[in-house]
Amino acid sequence: MFQKIISFGAFISSAIAGNSGSLLVGGARDSNNCLISAGYTWCESSQQCIRQWETPCSDNFQDCPDCFERQSNGENIACPEYCDMLAVDPMPPPMPPPMPVPVVDPVPVPVVDPMPPVNNPFLNHACPEVMCMMYCQYGNVRDSNGCQLCQCNDNIPPPITDIDCTLTQPSCDDYTYICPKITEITNCNQGGIDGYTTFQLSLTIKDTETVKNIYALYGDLSDPMYLPPAYQTLDRLKNNIGGVNPFMLEFNPDSRYDSWLTIGVTDGNQDNLISSIGIDFDSWNSNRGINVNDGAVFVLDPDSIVVSDNEYIIGQITVRTGTSFTAIFNVQGKSNVDTIKSWNEENIRFDLNTPTENVHDTVPNNCLSWYDGCNTCTVNNGVLGGCTRMMCFREDNPRCLEYNSVGH
């Protein structure tokens, strides 16, 4: 979203506010002689012309919690510096000195060394307000104390699924041996190929007693495999199976969002563990999907286990954002049961629906850094602390930039 930010540099050297004794030249003034064009308004409580995003004015709020709430709702007002101290749990009061020990006999009371002080690395730190003449699309960088700097984040932090971005998962109920799973590689439709959303598709083994491995993805006349229209990188060395070689990412970063199939292998199939047959990958592009009626991707050694856990990545598909497609697979694997040589699961469906961004009305309790659409603030247990100070004509959707990692 395009943002327009007011720059006040031209006014700073040549103007001061309202009733300070020196009149500003040019520009519209209100009834209190405050220079409106420079962003000044009258503060009744202080009897001064102020910029409300720089100088606190009690006309704008009742108390510190009310001021913080107004900031979180998008009002560009300054809060008093003492409010930042209220957002942090105060230090406990010092312990009173011990009562003197009454002397009962002349025997001296032994002196015991006091307990050493406890160094608490998680002691909260009050952050000052920072006036930054810059707009940060992805919020501001924080220092070692968790306070905002006049420096922008290069990228939007990954969203927390179901907290920041809703991604619909396939049901496991329709399958005997496996459970399909979708993971978004982009960040709620952002950060990848412009106008596209990238999904990683995987299968988690549900019946570990029966299933030994997965060694084939296939399509036949009775159960075709379907790959929807998907983005393909223009790199001549691209792979259609096995993911992307990390070496290629250095030369073509867009290859991270390429579309491909695999069975557990994601490093570009460097060890030649898998192969394919009967799939017309050349006709698979962003305008055309393909039906596979007599083809497969398979592990060259069907008895081998190519993953270290129970989750097999089977592909990555990048589709146009706003579209809705269903990818369909059939899989086969070896069995742990002597009477069953192999097992099959047909018609495994992945509905690739565009993820939906969740707009927060309030600050989540486990949020550490909050972006209100214009400014970035530190957060302590859901209460805003020090914030950057910037005036914006329009604002982005508010979001949490950093969560407490516990539980995520």
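The values are calculated or read from the model by the stated rules, or taken from the named source; none is laboratory data. None of the values given here were measured: they were computed from a predicted structure. Neighbour counts are summed over all protein chains in view; Cβ atoms, including those assigned to glycine, are modelled from backbone coordinates with ideal geometry.
Inspect region 338-347 for any residue being in the same structural domain as residue 293 (by TED's automatic domain parsing) and small (Gly, Ala, Ser) and give the result as yes or no. Explain how you work it out, then say what you get.
To start, the set of residues in region 338-347 that are in the same structural domain as residue 293 (by TED's automatic domain parsing) comprises 338-347.
Restricting the remaining residues to those that are small (Gly, Ala, Ser) gives 342.
Checked region 338-347: at least one residue is in the same structural domain as residue 293 (by TED's automatic domain parsing) and small (Gly, Ala, Ser).
For region 309-322, does any single residue satisfy the condition of being under 20 Å from the mean Cα position of the chain (by Cα), surrounded by 20 or more Cβ atoms within 10 Å (Cβ to Cβ) and closer than 23 Å to residue 141 by Cβ?
Checking region 309-322: not a single residue is under 20 Å from the mean Cα position of the chain (by Cα), surrounded by 20 or more Cβ atoms within 10 Å (Cβ to Cβ) and closer than 23 Å to residue 141 by Cβ.
Looking only at region 2-59, filter to residues that are at positive phi and at pLDDT 85 or above; which one of those is surrounded by the fewest Cβ atoms within 10 Å (Cβ to Cβ)? Give the derivation first.
First, pick out the residues of region 2-59 that are at positive phi: 18, 21, 26-27, 33, 39, 47.
Pick out the ones that are also at pLDDT 85 or above and you get 33, 47.
On the way: 33: 15, 47: 10.
Filtering region 2-59 for residues that are at positive phi and at pLDDT 85 or above, the one surrounded by the fewest Cβ atoms within 10 Å (Cβ to Cβ) comes out as 47.
Going by what's in this entry, would residue 241 be described as within 15 Å of residue 314 (Cα to Cα) and of a type outside the set (Phe, Trp, Tyr)? First the steps, then the outcome.
Working: within 15 Å of residue 314 (Cα to Cα): yes; of a type outside the set (Phe, Trp, Tyr): yes.
Against the criterion (within 15 Å of residue 314 (Cα to Cα) and of a type outside the set (Phe, Trp, Tyr)), residue 241 qualifies.
Please specify each residue of region 324-343 satisfying the condition of being more than 13 Å from residue 211 (Cα to Cα) and touching a residue at least 40 places away in the same chain (Cβ under 8 Å).
First pass over region 324-343, keeping only residues more than 13 Å from residue 211 (Cα to Cα): 324-330.
Matches in region 324-343: 325, 326, 327, 328, 329, 330.
Quick one: count up the residues across region 203-240 that are surrounded by 18 or more Cβ atoms within 10 Å (Cβ to Cβ), within 29 Å of the chain's Cα centre (by Cα) and in a strand (DSSP E or B).
Of the residues in that region, 3 qualify.
It is to be established whether one or more residues within region 353-369 are under 15 Å from residue 211 (Cβ atoms), surrounded by 13 or more Cβ atoms within 10 Å (Cβ to Cβ) and charged (D, E, K, R). Lay out the reasoning, then the answer.
Step one: list which residues in region 353-369 are under 15 Å from residue 211 (Cβ atoms), which gives none.
No: region 353-369 contains no residue that is under 15 Å from residue 211 (Cβ atoms), surrounded by 13 or more Cβ atoms within 10 Å (Cβ to Cβ) and charged (D, E, K, R).
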